[in-house]
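Every number here is computed from the coordinates shown, using simple stated rules; none is lab data. None of the values given here were measured: they were computed from a predicted structure. Ideal geometry is used to build each Cβ from the backbone, glycine not excepted, and the neighbour counts take in all protein chains shown.
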Amino acid sequence: MLKVRGLHSGYGRIEALHGVDVDVEAGEIMTVVGANGAGKTTLLMTVCGHPRAWSGEVLFEGRDITGLPMFEIGRLGIAHVPEGRHIFPRMTVLENLQMGGYAVDPRHFDADLQRVLAYFPQLGNRLSQRGGTLSGGEQQMLAIGRALISRPRMLLLDEPSLGLAPLVVRQLFDIIADINRDERMTVFLIEQNAFQALRLAHRACIMVNGRITTRGTGAELLADPAVQAAYLEGAAPSAEEAP
Amino acid sequence: MTRVADRQAPPAASLAHLVRDAGLAALVAALLAVPLLGFRLNVSAQGLSLEYRLPWILYAAAAVFAGRLLLSLAARSLWPQVRQRSRGFGARFPSNTNVIVGWVLIGGALVLPWLPFADPRFLSVATLVLIYVMLGWGLNIVVGLAGLLDLGYVAFYAIGAYSFALLSMNFGLSFWICLPLAGILGAFFGILLGFPVLRLRGDYLAIVTLGFGEIIRVILLNWQAVTNGPDGITDIPRPTLFGLSFESPFRGPLHGTGFADFLGVPYSPMQWMFFIYYLILLLALGTTLFAQRMRRLPTGRAWEALREDEIACKSLGMNPVTVKLSAFAIGASFAGLAGCFFAARQGFISPESFTFIESATILAIVVLGGMGSQIGIVLAAMLLVGLPEWFRNLAEYRMIAFGGAMVLIMIWRPGGLLSRRDPTVTLGEGPAESMRPAPAAESPR
Ligand SMILES: Nc1ncnc2c1ncn2[C@@H]1O[C@H](COP(=O)(O)OP(=O)(O)O)[C@@H](O)[C@H]1O
Ligand SMILES: [Mg+2]
C-alpha cells in the first residue's frame, strides 16, 4: 500500500534520513521503532510531504506522492496523527472531530462520529469540553479519532504513547489493534515504546540514525536478544548495539 | 489535565519597595516632563521667545510620585478582591448570555434614533461608532479568527471609499451599484496583499501589512490626476433610498424626487441622519451575521483551526493558502463596504482619513473587545471611538482618559473585555445530540 524507496531527507543542510526503504502492506500494522532522534518522525513527516524528500520516492497505492504538498497528501486517504497530538486546544472536542471531516463529504459525519465514539467512549462524555483541557490520553484519543473521521485507508501514528502512563498506553494500543482488525485499517506506527509497539505489530523494523537496520515480524523482533538488549531492557538504547 | 495557569498576583511588596517604585515612576515623569512641560513657546510682537518652566517638571514628578505610591498602596490592599472578582466575571455568564445581550443590543440600536436625547450630534457619534463596529467585526475575521495580524486594514477602507468616490464622480454610478463593487475591490486587494504575505507570520506579517497600508495612502496622496491628492474628493453624491433623494432642497434643484416630498413631510436634515444610521446598522449587522455564519462552515472553522495548529490542518487536507486568502479577502471586502459608506456619509474624503492611526484604532477595538468576541467589539468601539468623540470638547483630556481606559482594561481583563470563545456547535444543536452518552460512572482522570 505504501512503498518508501531510498528516501533521503533532512532539515536545512543536515540529512536525517540516509536512504530508507519501508513497505506497508494493506491491512497490516507495520511499526518502526527506534531511539530518540533516530529519524522516525522525520520519516513519517517526509512521507507526508513536510519536509520535502531530498531524493528517493514514496508510492501510495501505486501513485507517486513524492513532492506533493502536505495538504494534498492528507486528502488521498492518508491520515497522519503527528507527534505531540496537535489537537486544536481552544476548540471543543466535537469541533476538533468536525475538523477531521474537513476534506470529506459532510454527510458521513454522523455515522463516522458514532464509529469513533464507539472506539473512544471517553470522548463522548467530553464533546463540549475544550480540547486543551483533556488529559494526555484523551488528547491522543481525540487526535486518532479526528484522523478516523477523515475516512482514511491508512493511519500514520507518530508516537501515540508519548507522555502517557503505561496503563493508558496499553489501553490505547488495544484500541489501535481493534481499529486495525475491525476496519481492516492499515496502520503505520512509529514508536519509541518498543515493547508495546512490537507486541501489536504484524511486521516491524528498527531504525538507527536515519537507517533501517533490522526487519522482521513483531514477534521475531520481540524475541531477538539484540533488540531486547537495546530497546526492551530499560537501559538507555545505544545505536551501535543494534545489529 | 492541564489548565491555563491563573494570572499571577503581583508579589506582596514592602513599603520600601513601593517607594522605590514610585521614585522610579517620578524619574520617568520628570524626564518626559522636560520636553513636554519644561519649555513654553511664547508668540509675541517681538517674535518667538522660549520660556523655561523648571518648576513644572518638579510638580509633574511630585504628582506622579504621590499618585503611583497611592495607587500601589491601594492595589496592595485591594488586589486579591479585584482578582477574585474579575476571575468570576467571565465564568459567571451562562453560554447563552451572549445571545441575549446581542439581541438587547440590536433592539437598542434599532430604537436609538427615536429616543428623546438622540439629537443630530448624538446620531452622528452613533453612526461613527457603528462604522468602527463594522470595521472591528471585519478585521476580527482576519485577526481574531484567522490569527493574522493585519496592521494595514485601513488600506481596504480607503480603497472602498475611493472606489465609491471615483466611480460615482467619473462614471455617475449610484451608491447601490458602487457598494458591492467596493466590496469586490476590497476583496481583490485583500487577495493581492495576501499572496506575498502568506508565508509570513506574526511580526513579519504585521510589518508588511503596515507597509501596505502606507503604500495605499501614499498612492492616494500622490496620484494627483486621479485622486486629487491631498485635497481629496468633494461633493460625493449622497445615496438615495429607492431613488428618493436626501439632498437638501435649499442647496439647489434636486435630481429626482426628494424623500420628504415623497412622504409629503417637510424636509429635515434628520431624515438623512436616520437614513445613514440605519444603513450602517444594516451593513454592520450583515457583517456580524456573515462572520457568525462563516464560523459554522468549514471555511470559517478552518480559519480558527489554522491559527491553532497549521500542521494538524495540513494533515487533515486543508490548504493553508486558500484558507488564509479567504480570510484576507472577506475581511478586506467588509472594510471596502465600510469605506464606501464612509465616503457616502461624509461627502468628502481625503488621504488624511486613512492614516495608520485608523488601523491602530480598529485593531485596538478588536484586541480590547477580546479577540473574536462580537459583543466585546461593540463595547470596545463605544469606549474607544464613541466616548472620545462625544467628549471632543474636553480636548486633550480625552486622550489621557483614553490611555487610562486602555491601561485599566489591560490590568483587569488582559484577555480583552469579553475573551471567552464560544463553541460554534454545542450539544443539542449538532449531530452530537443523538449521541449524548449516559452519564459515565468512572472518570478517566
Ligand atoms: N525541525 C527540525 N530542524 C532541524 N533538525 C531536526 C528537526 N526535527 C528533527 N531534527 C533532527 O533530525 C533528527 C531526527 O529527528 P526525529 O525524526 O525527530 O527523531 P525521532 O522521531 O526518531 O525521535 C534528529 O537528529 C533531530 O535533531
Ligand atoms: Mg519522534
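Looking at the P(r) of chain A, how many percent of alpha-carbon pairs lie beyond 22 Å? Can you show the working numbers first?
Details: 15198 of 29403 pairs.
Summing the P(r) of chain A above 22 Å gives 52 percent of all pairs.
With the cut-off at 1.5 for a/c, could you classify region A:1-84 from its C-alpha gyration tensor as rounded, prolate or oblate?
Here region A:1-84 falls in the rounded category.
Could you order peptides B:317-330, B:147-160 by the average number of other Cβ atoms within 10 Å of their residues, highest first?
B:147-160, B:317-330
How big is the dipole moment of the protein assembly as shown about its Cα centre under a simple scheme where the beta carbon of each Lys and Arg is +1, that of each Asp and Glu is -1, and everything else is neutral? Debye, nearest 20, please. Before the final figure, lay out each step's value.
Numbers: 55 positive and 50 negative charges, 312 e Å.
Here the protein assembly as shown has a charge dipole of around 1500 debye.
Per DSSP H run of n ≥ 4, the term is -39500 (n - 2.57); total these for the protein assembly as shown, divide by its residue number, and report the mean residue ellipticity at 222 nm rounded to 500 deg cm²/dmol. Please report the intermediate quantities before stating the final value.
Working: 26 runs with 364 residues, N = 688.
Result for the protein assembly as shown: -17000 deg cm²/dmol, rounded to the nearest 500.
Give me the distance between the Cα centres of region B:185-225 and region B:121-179, rounded to whole Å.
Centre-to-centre (Cα) distance: 15 Å.
Along the Cα-to-Cβ line of B:Gln224, 7 Å from the Cα, sits a label point; which residues in region B:151-177 have backbone N less than 19 Å from it?
Within reach of a label on B:Gln224: no residues.
If you place +1 on the Cβ of every Lys and Arg and -1 on the Cβ of every Asp and Glu, how big does the dipole about the Cα centre of region A:85-152 come out, in debye to the nearest 20?
Numbers: 8 positive and 5 negative charges, 27 e Å.
Dipole magnitude for region A:85-152 comes out near 120 debye.
Hey, got the dipole for region B:279-331? About the Cα centre, +1 on K and R Cβ, -1 on D and E Cβ, debye to the nearest 20?
Numbers: 7 positive and 4 negative charges, 32 e Å.
So the dipole magnitude of region B:279-331 works out to roughly 160 debye.
Tell me which of A:Pro106, A:Gly136, A:Val93 sits at the most positive position along the dipole axis of region A:85-152, charges placed on C-beta atoms (Lys, Arg +1; Asp, Glu -1).
Sorting the options by dipole projection puts first A:Gly136.
How are the alpha carbon pair distances in region B:259-362 distributed across 10 Å bins from zero to the largest one, expressed in percent?
12, 30, 27, 18, 9, 4, 1
Using the alpha carbon gyration tensor of region B:10-81, what are the three equivalent-ellipsoid semi-axes (square root of 5 times each eigenvalue), largest first, in whole Å? Provide the component values of the computation, followed by the final result.
On the way: eigenvalues 267, 20, 11 Å².
With the √(5λ) rule applied to region B:10-81, the semi-axes are 37, 10, 7 Å.
According to a simple spin-label model (label point 7 Å from Cα along Cα-to-Cβ), what is the distance in nm between B:Glu51 and A:Ile14?
For A:Ile14 paired with B:Glu51, the spin-label model returns 6.7 nm.
Which helices pass in chain A if a helix is a full DSSP H run, must span at least 30 angstrom along its long axis by Cα, and must have mean Kyte-Doolittle hydropathy not below 1.0? Don't skip to the end; give the middle numbers.
Numbers: long enough: none.
Span-like helices in chain A: none at all.
Less than 11 Å from a label point 7 Å out along the Cα-to-Cβ axis of A:Ala26: which backbone N atoms in region A:50-87 qualify, by residue?
Answer for region A:50-87: A:61-62.
Net charge near A:Gln171: determine it from the other residues with C-beta under 12 Å of the C-beta of A:Gln171, scoring Lys and Arg +1 and Asp and Glu -1. Before the final figure, lay out each step's value.
On the way: positive: A:Arg170; negative: A:Glu138, A:Asp174, A:Asp178.
It works out to a net charge of -2.
With the convex hull built on the Cα atoms of region A:85-152, state its orientation-averaged projected area in nm². Each step should come with its number before you reach the end.
Values: hull surface 15.6 nm².
Averaging across all directions leaves 3.9 nm² for the Cα convex hull.
Scanning chain A for GluC sites (Glu not before Pro) in DSSP loops with at most 15 other Cβ atoms within 10 Å, what's the longest stretch left with none?
Working: sites that count: A:Glu25, A:Glu61, A:Glu233.
The reported range is A:62-232.
Using the Cα gyration tensor of region B:98-412, with a ≥ b ≥ c the square roots of its eigenvalues, what is the shape: rounded (a/c below 1.5), prolate (a/b larger than b/c) or oblate (neither)?
On the way: a/c = 1.65, a/b = 1.38, b/c = 1.19.
Since a/c reaches 1.5 and a/b is larger than b/c, the shape of region B:98-412 is classed as prolate.
Determine one quarter of the surface area of the Cα convex hull of the protein assembly as shown, which equals its mean projected area, and express it in nm² to one decimal.
Working: hull surface 166.9 nm².
Computing the convex hull of the Cα atoms and averaging its projections yields 41.7 nm².
Using θ = phi - 60° and the Karplus relation 6.51 cos²θ - 1.76 cosθ + 1.60, list the HN-Hα couplings for region A:63-70 in order, rounded to whole Hz, with x at every Gly or Pro.
Once rounded to whole Hz, the list reads 9, 6, 10, 4, x, 5, x, 3.
B:Lys324: which lysines have alpha carbons under 23 Å from its alpha carbon, excluding same-chain residues fewer than 8 sequence positions away?
Within the straight-line limit of under 23 Å, B:Lys324 reaches these lysines: B:Lys314.
Check each of the chymotrypsin sites (Phe, Trp or Tyr not before Pro) in region A:159-201 and keep only those in coil by DSSP with at most 11 other C-beta atoms within 10 angstrom; list them in order. Could you put the intermediate results ahead of the total?
Details: sites: A:Phe173, A:Phe188, A:Phe195; in loops: none.
Here no loop site has a sparse enough neighbourhood.
In whole percent, what relative contact order does region A:51-129 give with Cα contacts below 8 Å and a gap of six or more residues? Spell out each step's value before the answer.
Values: 32 pairs, mean separation 17.6, N = 79.
About 22 percent, as a whole number.
How high is the FRET efficiency from B:Ala66 to B:Ala405, r the C-beta distance, R0 22 Å, rounded to 0.05?
Values: r = 22 Å, r/R0 = 0.99.
Approximately 0.50, to the nearest 0.05.
Amide H neighbours of A:Thr66 under 5 Å, counting only residues 5+ apart in sequence or on other chains, H built in-plane at 1.01 Å?
A:Val58
Summing +1 for each Lys or Arg and -1 for each Asp or Glu, what net charge is found among the other residues whose Cβ lies under 12 Å from the Cβ of B:Leu289?
Numbers: positive: B:Arg293, B:Arg295, B:Arg296; negative: none.
Combined, the nearby Lys, Arg, Asp and Glu give +3.
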